[in-house]
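First the structure, in the form of structure tokens, and then the observations on it.
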Ligand SMILES: Cc1cc2nc3c(=O)[nH]c(=O)nc-3n(C[C@H](O)[C@H](O)[C@H](O)COP(=O)(O)O)c2cc1C
């Protein structure tokens, strides 16, 4: 069983990567082989609309060749996937948009007979980390259209886990921070973030359990 986490954070070892590592630890605790992929280390673009993947009898894969190509092949053969992103302007980061854009589009059908070209169920999780608190989010929800089409394309609704009110700066005294309460952020980092990491760990476990169930269903 192979579980891959794709990070759309530019910052190594910070909030998003910690959440993803925790999710992968959870997956590994159930016997999965795990891998973290950092999109910011790769040179790639979003979909170029070459439309080769939409040609009659085309293989259902992205035909653009760049450093994302081998990653997309790995994602296609994985048993579960976790996309992780800091929230930038209430959305996923640009690179995290570009990756599922290329991964999802070949499986979108413009025909009428079927809803997806993906041939099996693939459990997918999304992990978001953000400055705002949970309360704040009610007024301005996060936009992620990929989460909305995941069930149609991959046969199962996505699991979503968030870390709120994240510790953004290494040292708040050196950066502008007037709109935030440093005390509240410290409290969140020390008391709430460990629970959010645990939720991410559970997400990894849930994805592996779902993947195992789908595998058993295919083989009976
Ligand atoms: C360009 C930029 C835009 C951001 N926009 C938002 C936002 O709209 N809402 C929010 O809650 N946090 C926003 N943030 C804060 C990050 O989402 C937050 O600090 C996140 O946890 C950082 O993840 P990281 O530690 O993995 O880099 C923004 C940060 C940057 C750099």
Whole-Å distance, taken between Cα centres, linking region 103-134 and region 1-28: 18
Gaussian network model of the chain, Cα within-10 Å springs - most flexible of 175, 103, 83: 175
Ellipticity estimate at 222 nm from DSSP helix runs (n ≥ 4, -39,500 (n - 2.57)) divided over the chain, nearest 500: -12000 deg cm²/dmol
Neighbour-count ranking [beta-carbon atoms within 10 angstrom, fewest first] of 19, 90, 140: 140, 90, 19
124, 142 arranged by Cβ crowding within 10 Å, fewest neighbours leading: 142, 124
Residue order, fewest to most surrounding Cβ atoms within 10 angstrom, among 68, 92, 51: 51, 68, 92
At R0 = 41 Å, FRET efficiency that the Cβ-Cβ distance of residue 1 and residue 173 yields, to 0.05: 0.35
Sites residue 120 and residue 140 - FRET efficiency at Förster radius 30 Å, r taken between beta-carbons, to 0.05: 0.25
Cα-Cα separations in region 2-219 greater than 21 Å, expressed as whole percent: 56
Beta bridges per DSSP with both ends in the chain, % antiparallel, nearest 5: 10
FRET efficiency estimate (nearest 0.05) - Cβ-Cβ, residue 41 to residue 89, R0 30 angstrom: 0.85
With Cα atoms, 0 to 90° folded angle of helix 145-154 axis to the chain main axis: 40
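Here, each number is a calculation from the coordinates, and none is a lab measurement. Everything numeric here is computed off the predicted structure, so don't read it as measured data. Using ideal geometry, Cβ is built from the backbone for each residue, glycine included, and neighbour counts are taken over all protein chains shown.
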